[in-house]
Structures are given as structure tokens and as C-alpha cells.
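Trainee: Below: one structure in C-alpha cells.
The values are calculated or read from the model by the stated rules, or taken from the named source; none is laboratory data. Because the structure is predicted, anything quoted here is derived from the model rather than measured. In this analysis, Cβ positions are derived from the backbone assuming ideal geometry, glycine residues included, and neighbour counts consider all displayed protein chains.
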Amino acid sequence: MNTDKARFNMIEQQIRPWQVSDAQILNLMATTPREMFVPEPYRALAFADMSIPLGHHQSMYAPREEARMLQAVYLSKQDEVLEIGTGSGFTAALMASIAKSVKSIDCYGEFIERAEQRLGKLGLANVVLAEEQAEQNWSPQDDFDVIVCTPGINFKPLKLLDSLRPNGRLFCIHGIQSNQYAYLYKKDAQNDIHMERLFELSTPLLSTEHELQLFEF
């Protein structure tokens, strides 16, 4: 595989056409070695327009979904970020390249160990990884400027919204597979919440214990 050509095609044929125009995001997707984070059996598909299995019924976002998510939360170098669902560690690597710090949690220790090795190779020292289970009633111990929940959720993210600082952003997926959408929640300076539907995708759920509840703010 011609890695440079595959990476270029990923940017020009998948990411740009999917409404990603932020130069910083495009540069990150072009320079962060996505292939390093893809499991060996799927390495040849690292730049393909598809989600990639990670084990434990979890998967890695397609490149265009990663880029669109990153553009939506508009990170700054002052932001402290919480990621729920470390997975391969690729999203954490992208966010840590921009933000002040990233804390990433996952319930699978295997994912945490592999992500730690990959992030170490890139010299990203502003990422903290932890094995932790996040479900409906789980609440972060700290507040954050940005929270990214990469698995789908089928409950109201009230605890996560409570942990957002003023002007914070929460990215999450609502619905069941085959009928899911990415949403961006914004908390303004007065702590009022505004919700925006971003795009359709399909990703495994964080928890299947609770029925999906549709709601509005």
C-alpha cells in the first residue's frame, strides 16, 4: 500500500467532501499516523471509508466521522477534555494535539494498554488514560471544557452536561445502530443548553440497559 497516496485520498475524497474545511483538522488528519492505531489484521484498511473492528464489539470511526467530530467541538489549546471510550486511542491522539489535556477512559483494560503504547510513541504527554466504566448514572469527578462520548448512548446525558464548564461542548451519539445521529450540546455562559444534530452514523452502544429516551431542551 502506498501510504502517502492513501492518506491523501482519504483527505480529498472522504474528509473534505464531508463538510470538513478547518485547516487545522485537515492537517492533523494528514499528519497523525492513523495506521498506527488500526489493529494489524485491518492495517490495509486504515484509510478506507469504513469503521474498523477493535474487538469487544467496539469499532473505530471512519476517518470522515473522526474529522467531522473534531471540527464540531472546535478545540482550543486551553481546553481540558474528557473522552469516554478510548478504543484505539486515535481520537485521543487527535484531541491531545490541540487541547491542553485529555483524560480518556474505557472499560476495557486491553484498549487502555494498547492506546498508552501508541500515544507514547507519538510523544503525547498530555493524555491520561484510565480503565473506568461509564454508564447512565456515572458522573466525572472533575469538570471539563469538552466531553466526547464516542460510543452511542441510549439515555439522557444529564450527568455529562452537569460536568461541562460554562461555554463547554458535549459530543455524543443518540439512537440504536442503523438509526443513530451525532449531536453537539453547547452550554453557554449562563449554563443554558443548546443542542444541534450533526450527522448520521452507526456505532456500538455504551450501554444497552436502558431504553432510548428522546428529549428536547
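Trainee: Are any residues in segment 1-12 surrounded by 14 or more Cβ atoms within 10 Å (Cβ to Cβ) and farther than 13 Å from GLU66 by Cα, and if so, which ones? Explain how you work it out, then say what you get.
Mentor: First, the residues of segment 1-12 that are surrounded by 14 or more Cβ atoms within 10 Å (Cβ to Cβ): 6-7, 9-11.
Hits for segment 1-12 are ALA6, ARG7, ASN9.
Trainee: Taking the residues in segment 120-162 that are touching a residue at least 60 places away in the same chain (Cβ under 8 Å) and touching a Phe, Trp or Tyr at 6+ places or on another chain (Cβ under 6 Å) as candidates, determine which candidate is farthest from SER202 (Cα to Cα).
Mentor: Restricting to residues being touching a residue at least 60 places away in the same chain (Cβ under 8 Å) and touching a Phe, Trp or Tyr at 6+ places or on another chain (Cβ under 6 Å), the top hit is GLN136.
Trainee: Hey, any hits in segment 105-113 for a residue that's closer than 23 Å to GLY175 by Cα, crowded, with 17+ Cβ neighbours inside 10 Å, in contact with a Phe, Trp or Tyr (Cβ under 6 Å, 6 or more places away or on another chain) and at pLDDT 95 or above?
Mentor: Of the residues in segment 105-113, the ones closer than 23 Å to GLY175 by Cα are 105-108.
If we keep only those that are crowded, with 17+ Cβ neighbours inside 10 Å too, we end up with 105-108.
Adding the requirement that they be in contact with a Phe, Trp or Tyr (Cβ under 6 Å, 6 or more places away or on another chain) leaves none.
Among the residues of segment 105-113, not one is closer than 23 Å to GLY175 by Cα, crowded, with 17+ Cβ neighbours inside 10 Å, in contact with a Phe, Trp or Tyr (Cβ under 6 Å, 6 or more places away or on another chain) and at pLDDT 95 or above, which makes the answer no.
Trainee: Same structure again: Please work out which one of (1) farther than 30 Å from ARG165 by Cβ; (2) surrounded by 13 or more Cβ atoms within 10 Å (Cβ to Cβ) is the condition ILE15 fails and give its number.
Mentor: Of everything listed in (1) farther than 30 Å from ARG165 by Cβ; (2) surrounded by 13 or more Cβ atoms within 10 Å (Cβ to Cβ), ILE15 misses just condition (1).
Trainee: Going by the conditions given, is GLY168 surrounded by 17 or more Cβ atoms within 10 Å (Cβ to Cβ), at positive phi and assigned to a strand (DSSP E or B)? Before you say what the answer is, go through the steps one by one.
Mentor: On the way: surrounded by 17 or more Cβ atoms within 10 Å (Cβ to Cβ): yes; at positive phi: no; assigned to a strand (DSSP E or B): yes.
No: the conditions fail for GLY168.
Trainee: Which pairs turn up if I take residues in segment 19-42 that are small (Gly, Ala, Ser) and look for partners that are in a helix (DSSP H, G or I) and at pLDDT 95 or above with beta carbon separation below 6 Å, at least 6 apart in sequence or on another chain?
Mentor: Partner pairs satisfying both residue conditions: ALA30/ILE11.
Trainee: Further question: In segment 161-183, is there at least one residue being within 16 Å of the chain's Cα centre (by Cα) and of a type in the set (Lys, Arg)?
Mentor: Yes, segment 161-183 contains at least one residue that is within 16 Å of the chain's Cα centre (by Cα) and of a type in the set (Lys, Arg).
Trainee: Criterion first (modelled with pLDDT under 95 and of a type in the set (S, T, N, Q)) does ASN154 satisfy it?
Mentor: Working: modelled with pLDDT under 95: yes; of a type in the set (S, T, N, Q): yes.
So ASN154 fits the description; yes.
Trainee: Can you tell me which residue in segment 182-205 is farthest from ARG68 (Cα to Cα), limited to those that are surrounded by fewer than 17 Cβ atoms within 10 Å (Cβ to Cβ), out of contact with any helix residue (DSSP H, G or I) (no Cβ under 9 Å at 6 or more places or on another chain) and aliphatic (A, V, I, L, M)?
Mentor: Top of the filtered list is ALA189.
Trainee: Sticking with this one: Of all residues in segment 19-41, count the ones that are surrounded by fewer than 16 Cβ atoms within 10 Å (Cβ to Cβ) and of a type outside the set (Asp, Glu).
Mentor: 10
Trainee: Just the residues that are of a type outside the set (D, E, K, R), assigned to a strand (DSSP E or B) and farther than 19 Å from LYS103 by Cβ, please, taken from segment 171-190. Give the derivation first.
Mentor: Residues of segment 171-190 that are of a type outside the set (D, E, K, R), as a first pass: 171-185, 189-190.
Narrowing the set further to residues that are assigned to a strand (DSSP E or B) leaves 171-176, 179-185.
Scanning segment 171-190 gives ILE173, HIS174, GLY175, ILE176, ASN179, GLN180, TYR181, ALA182, TYR183, LEU184.
Trainee: Still on this structure, I have one more. Which is aliphatic (A, V, I, L, M), farther than 21 Å from ALA92 by Cβ and modelled with pLDDT of 90 or more, of LEU161, LEU129, LEU124? Please lay out each step first, then the result.
Mentor: On the way: LEU129 fails: farther than 21 Å from ALA92 by Cβ; LEU124 fails: farther than 21 Å from ALA92 by Cβ.
Matching residue, one of LEU161, LEU129, LEU124: LEU161.
Trainee: Give me the pairs: first residue in segment 63-83 and farther than 25 Å from ALA130 by Cβ and surrounded by fewer than 20 Cβ atoms within 10 Å (Cβ to Cβ), second residue at pLDDT 95 or above and not charged (D, E, K, R), beta-carbon distance under 6 Å, and six or more apart or on different chains, which are they?
Mentor: GLN71/VAL20; GLN71/ILE25
Trainee: Is there a residue being of a type outside the set (D, E, K, R) and within 12 Å of the chain's Cα centre (by Cα) anywhere in segment 103-120? Break it down stepwise before answering.
Mentor: Looking only at segment 103-120, we keep the residues that are of a type outside the set (D, E, K, R), and these are 104-105, 107-109, 111-112, 115, 117, 119-120.
Next, only the ones that are within 12 Å of the chain's Cα centre (by Cα) stay: 104-105.
Looking through segment 103-120, at least one residue is of a type outside the set (D, E, K, R) and within 12 Å of the chain's Cα centre (by Cα).
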